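Structure first, then comments.
The values are calculated or read from the model by the stated rules, or taken from the named source; none is laboratory data. None of these values were measured; they are calculated from a predicted model. No Cβ is skipped: glycine too gets one built from the backbone with ideal geometry, and neighbour counts run over all protein chains shown. Please note that ligands, DNA and RNA were not included when accessible areas were found on the heavy atoms of the full protein model with its side chains. Shrake-Rupley method; radii C 1.70, N 1.55, O 1.52, S 1.80 Å.
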Amino acid sequence: MNTSKTIRLFGIGILALVWLWLAWGFLSAKGITLLNLIILAMTGIIIFLPLYKKYISGGSDDSKKDNKR
């Protein structure tokens, strides 16, 4: 595993920890309701889906550019 991939995964892990901490604070302040769980699911999708597509399953950007030409 190269260092740039390790750094990316470490950054995503830190972001996930911060998101979990904020989600826990949100649920403890507002209570656990279906609406609050849906809000947290939507924020998780908005934050983590683009990161997953770009850094984990996306592969190299250079190979995508070469295939489009």
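Given a 1.4 Å probe and the protein chains as shown, TRP19 ends up with an accessible area of around 60 Å². A cut-off under 9 angstrom between Cβ atoms defines the neighbours of TYR55, and their net charge, with Lys, Arg +1 and Asp, Glu -1, is +4. Full extension of the segment from ALA29 to LEU49, taken as 0.36 nm per residue of separation minus the current Cα-Cα distance, would add 4.6 nm. The alpha carbons of segment 9-62 give a radius of gyration and a Dmax of 13.5, 46 Å, in that order.
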